[in-house]
Amino acid sequence: MNYQKRFVVEPGAKVRLGKINPAFEDKHDSKDKATLKLQKHVERLAKAQYLLYADANKSLLVVLQALDAGGKDGVVRHVFNAMNPQGTSVFSFKQPSKFEAAHDFLWRAHRRTPGKGEVVIFNRSHYEDVLVVRVHKLVPKAVWSKRYELINDFEKILSENGTRILKFYLHISPDEQLERFEQRLDDPLRHWKISDADYSERKLWPAYIEAYEDAMERTSTEDAPWYVIPSNHKWFRNLAISEILADALEDMELKLPPTQVDIAEIRRKYHAAAARRGHKPPKA
Ligand code: AMP
Ligand code: MG
(Lines give C-alpha, C1' and ligand atoms only; values in the text may rest on other atoms or scores of the structure.)
(Ligands and ions follow the chains in the order given, each with its own letter.)
Protein backbone atom coordinates (compact mmCIF):
# COMPACT_ATOMS: atom_id res chain seq x y z
CA MET A 1 0.00 0.00 0.00
CA ASN A 2 1.21 3.49 -0.79
CA TYR A 3 1.14 5.23 2.59
CA GLN A 4 1.81 8.66 1.19
CA LYS A 5 -1.39 8.44 -0.89
CA ARG A 6 -3.35 6.75 1.88
CA PHE A 7 -2.53 9.15 4.73
CA VAL A 8 -2.06 12.51 3.01
CA VAL A 9 -4.57 15.27 3.71
CA GLU A 10 -5.44 16.41 0.20
CA PRO A 11 -5.28 20.21 -0.10
CA GLY A 12 -8.68 21.67 0.75
CA ALA A 13 -10.08 18.36 2.03
CA LYS A 14 -12.05 18.10 5.27
CA VAL A 15 -10.36 16.25 8.11
CA ARG A 16 -12.47 14.13 10.45
CA LEU A 17 -10.11 12.48 12.88
CA GLY A 18 -12.99 10.57 14.47
CA LYS A 19 -13.33 8.68 11.19
CA ILE A 20 -9.69 7.63 11.04
CA ASN A 21 -8.81 4.47 12.96
CA PRO A 22 -5.76 5.20 15.15
CA ALA A 23 -5.19 1.44 15.59
CA PHE A 24 -4.92 0.76 11.84
CA GLU A 25 -1.97 -1.52 11.13
CA ASP A 26 -2.50 -2.66 7.54
CA LYS A 27 -1.85 -6.26 6.53
CA HIS A 28 1.63 -7.58 7.13
CA ASP A 29 2.67 -11.22 6.89
CA SER A 30 4.36 -10.94 10.27
CA LYS A 31 5.76 -8.44 12.70
CA ASP A 32 9.26 -9.56 11.69
CA LYS A 33 8.59 -8.75 8.04
CA ALA A 34 7.29 -5.32 9.03
CA THR A 35 10.44 -4.71 11.08
CA LEU A 36 12.56 -5.68 8.08
CA LYS A 37 10.63 -3.20 5.94
CA LEU A 38 11.26 -0.46 8.49
CA GLN A 39 14.98 -1.27 8.41
CA LYS A 40 14.97 -1.02 4.62
CA HIS A 41 13.25 2.38 4.73
CA VAL A 42 15.66 3.63 7.38
CA GLU A 43 18.58 2.56 5.15
CA ARG A 44 16.99 4.35 2.18
CA LEU A 45 16.65 7.44 4.37
CA ALA A 46 20.31 7.30 5.35
CA LYS A 47 21.35 7.06 1.68
CA ALA A 48 19.04 9.88 0.66
CA GLN A 49 20.33 12.10 3.44
CA TYR A 50 23.90 11.48 2.27
CA LEU A 51 22.86 12.68 -1.19
CA LEU A 52 20.94 15.66 0.18
CA TYR A 53 24.01 16.73 2.10
CA ALA A 54 26.36 16.22 -0.85
CA ASP A 55 23.97 17.91 -3.28
CA ALA A 56 23.70 20.91 -0.94
CA ASN A 57 20.93 22.52 -2.99
CA LYS A 58 17.77 21.42 -1.24
CA SER A 59 16.68 20.69 2.29
CA LEU A 60 14.09 18.74 4.26
CA LEU A 61 11.88 19.96 7.09
CA VAL A 62 9.86 17.38 9.02
CA VAL A 63 7.16 18.61 11.39
CA LEU A 64 5.98 16.25 14.13
CA GLN A 65 2.80 17.11 16.00
CA ALA A 66 0.70 15.05 18.41
CA LEU A 67 -1.18 15.14 21.66
CA ASP A 68 0.83 14.19 24.75
CA ALA A 69 2.36 10.71 24.58
CA GLY A 70 1.58 10.60 20.86
CA GLY A 71 5.07 9.30 20.08
CA LYS A 72 7.03 12.23 18.65
CA ASP A 73 10.18 11.30 20.56
CA GLY A 74 9.81 7.69 19.44
CA VAL A 75 9.70 8.73 15.78
CA VAL A 76 12.86 10.78 16.20
CA ARG A 77 14.60 7.80 17.80
CA HIS A 78 13.45 5.02 15.48
CA VAL A 79 13.07 6.70 12.09
CA PHE A 80 15.95 9.17 12.05
CA ASN A 81 18.53 7.08 13.87
CA ALA A 82 20.49 6.19 10.73
CA MET A 83 20.89 9.77 9.59
CA ASN A 84 24.28 11.37 10.00
CA PRO A 85 24.31 13.90 12.86
CA GLN A 86 26.38 16.02 10.49
CA GLY A 87 23.56 17.64 8.58
CA THR A 88 20.62 16.62 10.78
CA SER A 89 19.11 18.42 13.75
CA VAL A 90 16.05 18.25 15.94
CA PHE A 91 14.41 21.22 17.59
CA SER A 92 11.85 20.86 20.34
CA PHE A 93 9.47 23.76 20.68
CA LYS A 94 8.43 24.45 24.25
CA GLN A 95 6.51 27.28 25.79
CA PRO A 96 8.12 30.40 24.27
CA SER A 97 10.76 32.10 26.37
CA LYS A 98 10.33 35.78 27.14
CA PHE A 99 12.79 36.55 24.37
CA GLU A 100 10.95 34.37 21.84
CA ALA A 101 7.57 35.74 22.89
CA ALA A 102 8.81 39.25 22.18
CA HIS A 103 8.87 38.41 18.44
CA ASP A 104 6.24 37.35 15.92
CA PHE A 105 5.18 33.71 16.29
CA LEU A 106 7.08 32.51 13.23
CA TRP A 107 10.38 34.03 14.25
CA ARG A 108 11.64 31.19 16.39
CA ALA A 109 10.61 28.63 13.78
CA HIS A 110 12.24 30.50 10.90
CA ARG A 111 15.57 30.66 12.74
CA ARG A 112 15.60 26.87 12.96
CA THR A 113 14.69 25.97 9.37
CA PRO A 114 17.19 23.83 7.45
CA GLY A 115 19.93 25.34 5.34
CA LYS A 116 20.73 23.78 1.98
CA GLY A 117 21.79 20.17 2.40
CA GLU A 118 20.28 19.86 5.87
CA VAL A 119 17.49 17.86 7.47
CA VAL A 120 15.65 19.49 10.36
CA ILE A 121 13.01 17.84 12.50
CA PHE A 122 10.58 20.03 14.41
CA ASN A 123 9.35 18.24 17.55
CA ARG A 124 6.28 20.44 17.95
CA SER A 125 6.50 23.54 15.82
CA HIS A 126 4.94 26.85 14.74
CA TYR A 127 1.66 24.91 14.70
CA GLU A 128 1.51 25.16 18.50
CA ASP A 129 0.49 28.76 17.83
CA VAL A 130 -2.81 27.58 16.36
CA LEU A 131 -3.17 24.57 18.70
CA VAL A 132 -2.29 25.05 22.38
CA VAL A 133 -2.59 28.81 21.91
CA ARG A 134 -6.08 28.46 20.46
CA VAL A 135 -7.28 25.83 22.95
CA HIS A 136 -6.06 27.86 25.95
CA LYS A 137 -7.13 31.18 24.45
CA LEU A 138 -3.63 32.58 24.95
CA VAL A 139 -4.38 35.15 22.26
CA PRO A 140 -7.74 36.35 20.92
CA LYS A 141 -9.40 34.52 18.04
CA ALA A 142 -8.83 37.56 15.84
CA VAL A 143 -5.11 36.92 16.23
CA TRP A 144 -4.84 33.13 15.88
CA SER A 145 -7.36 32.91 13.07
CA LYS A 146 -5.05 34.93 10.81
CA ARG A 147 -2.15 32.60 11.45
CA TYR A 148 -3.15 29.83 9.04
CA GLU A 149 -2.56 32.11 6.07
CA LEU A 150 0.66 33.38 7.61
CA ILE A 151 1.82 29.80 8.08
CA ASN A 152 0.99 28.98 4.45
CA ASP A 153 2.96 32.01 3.28
CA PHE A 154 5.87 31.08 5.54
CA GLU A 155 5.97 27.53 4.26
CA LYS A 156 5.70 28.81 0.70
CA ILE A 157 8.82 30.90 1.23
CA LEU A 158 10.66 27.83 2.50
CA SER A 159 9.52 25.64 -0.32
CA GLU A 160 10.37 28.26 -2.97
CA ASN A 161 13.84 28.19 -1.46
CA GLY A 162 14.23 24.44 -2.00
CA THR A 163 12.89 23.04 1.26
CA ARG A 164 10.67 19.98 1.09
CA ILE A 165 8.22 20.13 3.99
CA LEU A 166 6.42 17.07 5.36
CA LYS A 167 4.09 17.35 8.33
CA PHE A 168 2.94 14.42 10.43
CA TYR A 169 0.10 14.25 12.91
CA LEU A 170 0.51 11.16 15.10
CA HIS A 171 -3.04 9.99 15.67
CA ILE A 172 -3.66 8.06 18.93
CA SER A 173 -6.83 7.26 20.84
CA PRO A 174 -7.59 8.55 24.36
CA ASP A 175 -7.31 4.96 25.66
CA GLU A 176 -3.89 4.53 24.11
CA GLN A 177 -2.77 7.82 25.70
CA LEU A 178 -3.94 6.61 29.11
CA GLU A 179 -2.07 3.34 28.66
CA ARG A 180 1.10 5.25 27.82
CA PHE A 181 0.63 7.48 30.87
CA GLU A 182 0.37 4.30 32.95
CA GLN A 183 3.58 2.91 31.44
CA ARG A 184 5.33 6.14 32.32
CA LEU A 185 4.12 5.84 35.90
CA ASP A 186 5.37 2.27 36.09
CA ASP A 187 8.82 3.08 34.73
CA PRO A 188 11.06 5.30 36.89
CA LEU A 189 13.25 5.93 33.83
CA ARG A 190 10.33 7.76 32.27
CA HIS A 191 9.09 9.71 35.28
CA TRP A 192 10.83 12.81 34.01
CA LYS A 193 8.39 12.87 31.08
CA ILE A 194 5.35 13.17 33.35
CA SER A 195 3.87 16.63 33.62
CA ASP A 196 1.13 18.03 35.82
CA ALA A 197 -0.49 19.32 32.68
CA ASP A 198 -0.89 15.83 31.17
CA TYR A 199 -4.28 15.26 32.81
CA SER A 200 -5.62 18.80 32.47
CA GLU A 201 -4.66 18.77 28.78
CA ARG A 202 -6.32 15.39 28.36
CA LYS A 203 -9.62 16.92 29.49
CA LEU A 204 -9.32 19.31 26.55
CA TRP A 205 -9.04 16.45 24.03
CA PRO A 206 -12.10 17.45 21.92
CA ALA A 207 -10.88 21.05 21.68
CA TYR A 208 -7.46 19.86 20.57
CA ILE A 209 -8.95 17.54 17.97
CA GLU A 210 -10.99 20.42 16.57
CA ALA A 211 -7.92 22.65 16.48
CA TYR A 212 -5.88 19.94 14.72
CA GLU A 213 -8.61 19.31 12.16
CA ASP A 214 -8.84 23.00 11.34
CA ALA A 215 -5.08 23.41 11.16
CA MET A 216 -4.66 20.46 8.81
CA GLU A 217 -7.57 21.51 6.59
CA ARG A 218 -6.21 25.00 6.23
CA THR A 219 -2.53 24.29 5.83
CA SER A 220 -2.19 21.04 3.92
CA THR A 221 -0.79 22.14 0.58
CA GLU A 222 0.93 20.57 -2.41
CA ASP A 223 4.27 21.91 -1.19
CA ALA A 224 3.77 21.21 2.51
CA PRO A 225 1.32 18.34 2.98
CA TRP A 226 -0.01 16.96 6.24
CA TYR A 227 -0.19 13.23 6.89
CA VAL A 228 -2.44 11.69 9.54
CA ILE A 229 -0.55 8.64 10.78
CA PRO A 230 -2.42 5.96 12.76
CA SER A 231 -0.12 5.74 15.77
CA ASN A 232 -1.64 3.47 18.41
CA HIS A 233 0.82 0.85 17.18
CA LYS A 234 4.28 2.31 17.43
CA TRP A 235 5.80 -0.09 14.93
CA PHE A 236 3.18 0.80 12.33
CA ARG A 237 3.65 4.51 12.94
CA ASN A 238 7.41 4.15 12.36
CA LEU A 239 6.90 2.04 9.26
CA ALA A 240 4.45 4.46 7.65
CA ILE A 241 6.48 7.60 8.40
CA SER A 242 9.77 6.08 7.27
CA GLU A 243 8.21 4.94 4.00
CA ILE A 244 6.63 8.32 3.28
CA LEU A 245 9.89 10.12 4.03
CA ALA A 246 12.04 7.76 1.98
CA ASP A 247 9.68 8.03 -1.00
CA ALA A 248 9.61 11.83 -0.72
CA LEU A 249 13.38 12.16 -0.48
CA GLU A 250 13.93 9.86 -3.45
CA ASP A 251 11.47 11.97 -5.46
CA MET A 252 13.60 15.05 -4.87
CA GLU A 253 16.03 13.91 -7.58
CA LEU A 254 19.07 14.50 -5.45
CA LYS A 255 22.39 13.91 -7.10
CA LEU A 256 26.03 13.88 -6.24
CA PRO A 257 27.78 17.09 -7.27
CA PRO A 258 30.06 16.78 -10.31
CA THR A 259 33.62 15.70 -9.62
CA GLN A 260 35.83 18.76 -9.44
CA VAL A 261 39.13 17.10 -10.30
CA ASP A 262 40.65 15.02 -13.07
CA ILE A 263 40.30 11.57 -11.49
CA ALA A 264 42.77 9.93 -13.93
CA GLU A 265 45.39 12.56 -13.08
CA ILE A 266 44.76 12.13 -9.32
CA ARG A 267 45.03 8.38 -9.74
CA ARG A 268 48.49 8.79 -11.33
CA LYS A 269 49.54 10.98 -8.39
CA TYR A 270 48.27 8.37 -5.98
CA HIS A 271 50.20 5.57 -7.68
CA ALA A 272 53.38 7.63 -7.73
CA ALA A 273 53.00 8.35 -3.99
CA ALA A 274 52.23 4.69 -3.30
CA ALA A 275 55.30 3.57 -5.31
CA ARG A 276 57.51 5.92 -3.29
CA ARG A 277 56.19 4.20 -0.15
CA GLY A 278 57.17 0.86 -1.69
CA HIS A 279 53.60 -0.29 -2.37
CA LYS A 280 53.17 -2.82 -5.15
CA PRO A 281 51.98 -1.31 -8.46
CA PRO A 282 48.33 -1.98 -9.24
CA LYS A 283 47.39 -4.99 -11.39
CA ALA A 284 46.82 -3.87 -14.96
P1 AMP B 1 6.73 18.73 25.82
O2 AMP B 1 6.67 18.61 24.33
O3 AMP B 1 6.02 17.63 26.54
O4 AMP B 1 8.11 18.95 26.33
O5 AMP B 1 5.91 20.03 26.23
C6 AMP B 1 6.15 21.27 25.68
C7 AMP B 1 5.00 22.16 26.04
O8 AMP B 1 5.21 23.45 25.46
C9 AMP B 1 3.67 21.65 25.51
O10 AMP B 1 2.71 21.68 26.51
C11 AMP B 1 3.34 22.64 24.42
O12 AMP B 1 1.97 22.81 24.20
C13 AMP B 1 4.00 23.91 24.95
N14 AMP B 1 4.21 24.86 23.85
C15 AMP B 1 4.91 24.70 22.73
N16 AMP B 1 4.83 25.79 21.93
C17 AMP B 1 4.03 26.67 22.58
C18 AMP B 1 3.54 27.96 22.27
N19 AMP B 1 3.86 28.59 21.13
N20 AMP B 1 2.75 28.57 23.18
C21 AMP B 1 2.43 27.95 24.33
N22 AMP B 1 2.85 26.74 24.68
C23 AMP B 1 3.63 26.08 23.82
MG1 MG C 1 4.64 16.40 27.44
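The values are calculated or read from the model by the stated rules, or taken from the named source; none is laboratory data. This is a predicted model, so every value here is computed, not measured. Virtual Cβ from ideal backbone geometry, glycine too; neighbours counted across all protein chains shown. To get the accessible areas, we keep the full protein, side chains included, count just its heavy atoms, and leave off ligands, DNA and RNA. Shrake-Rupley method; radii C 1.70, N 1.55, O 1.52, S 1.80 Å.
Filtering region 170-206 down to residues that are more than 16 Å from ligand 2 (Cβ to nearest atom) and either in contact with a strand residue (DSSP E or B) (Cβ under 7 Å, 6 or more places away or on another chain) or open to solvent by less than 40 Å² (accessible area, probe 1.4 Å) (or both), which residue is farthest from Leu52 (Cα to Cα)?
Ser173
Inspect all residues belonging to region 208-216 and state whether any of them is more than 16 Å from ligand 1 (Cβ to nearest atom) and not in a helix (DSSP H, G or I).
No.
Determine whether region 194-210 contains at least one residue that is under 25 Å from Met1 (Cα atoms), in contact (Cβ under 8 Å) with a residue 60 or more places away in the chain and out of contact with any helix residue (DSSP H, G or I) (no Cβ under 7 Å at 6 or more places or on another chain).
No, that holds for no residue.
With (1) within 9 Å of ligand 1 (Cβ to nearest atom); (2) open to solvent by 70 Å² or more (accessible area, probe 1.4 Å); (3) more than 23 Å from Phe80 (Cα to Cα) as the list, and Lys94 as the residue in question, which single condition is left unmet?
That leaves (3) as the condition not met.
Looking at (1) within 19 Å of Pro22 (Cβ to Cβ); (2) more than 16 Å from ligand 2 (Cβ to nearest atom), which is the only condition Val120 fails?
Condition not satisfied by Val120: (1).
For Ile157, indicate whether it is open to solvent by 70 Å² or more (accessible area, probe 1.4 Å), within 23 Å of Glu222 (Cβ to Cβ), among the aliphatic types (A, V, I, L, M) and away from ligand 2 (no atom under 16 Å from the Cβ).
yes
Specify the residue that is most open to solvent (accessible area, probe 1.4 Å); the eligible residues are those in region 231-284 that are modelled with pLDDT of 95 or more and of a type in the set (Asp, Glu).
Asp251
Got a sec? Which of His78, His103, His136 is more than 15 Å from ligand 1 (Cβ to nearest atom) and either among the small types (Gly, Ala, Ser) or open to solvent by 30 Å² or more (accessible area, probe 1.4 Å) (or both)?
The match here is His78.
Provide a single number: the residues in region 16-34 that are surrounded by 14 or more Cβ atoms within 10 Å (Cβ to Cβ) and out of contact with any Ser or Thr (no Cβ under 8 Å at 6 or more places or on another chain).
Total meeting the criteria: 6.
Among (1) in contact with a helix residue (DSSP H, G or I) (Cβ under 7 Å, 6 or more places away or on another chain); (2) without any contact (Cβ under 8 Å) to a residue 12 or more places away in the chain, there is one condition Trp235 misses while meeting the rest; what is its number?
In the conditions (1) in contact with a helix residue (DSSP H, G or I) (Cβ under 7 Å, 6 or more places away or on another chain); (2) without any contact (Cβ under 8 Å) to a residue 12 or more places away in the chain, Trp235 misses (2) alone.
Hey, can you tell me all the residues within region 153-169 that are touching an Asp or Glu at 6+ places or on another chain (Cβ under 9 Å) and not in a strand (DSSP E or B)?
Glu155, Lys156, Leu158, Ser159, Glu160
Evaluate the following for Leu150: is it within 16 Å of ligand 2 (Cβ to nearest atom) and either in contact (Cβ under 8 Å) with a residue 24 or more places away in the chain or out of contact with any Cys (no Cβ under 6 Å at 6 or more places or on another chain) (or both)?
Against the criterion (within 16 Å of ligand 2 (Cβ to nearest atom) and either in contact (Cβ under 8 Å) with a residue 24 or more places away in the chain or out of contact with any Cys (no Cβ under 6 Å at 6 or more places or on another chain) (or both)), Leu150 does not qualify.
Mind listing just one residue for me: the one in region 158-207 that is within 13 Å of ligand 1 (Cβ to nearest atom) and among the polar types (S, T, N, Q) and, of those, farthest from Lys116 (Cα to Cα)?
Applying the filter and picking the extreme gives Ser200.
Give the residue, chosen from Asp196, Asp186, Asp175, that is at pLDDT below 95 and over 23 Å from the mean Cα position of the chain (by Cα).
Unique residue meeting the criteria: Asp196.
Which residues, counting only those in region 222-278, are β-branched (Val, Ile, Thr), within 20 Å of Leu17 (Cβ to Cβ) and assigned to a loop (DSSP other than H, G, I, E, B)?
none
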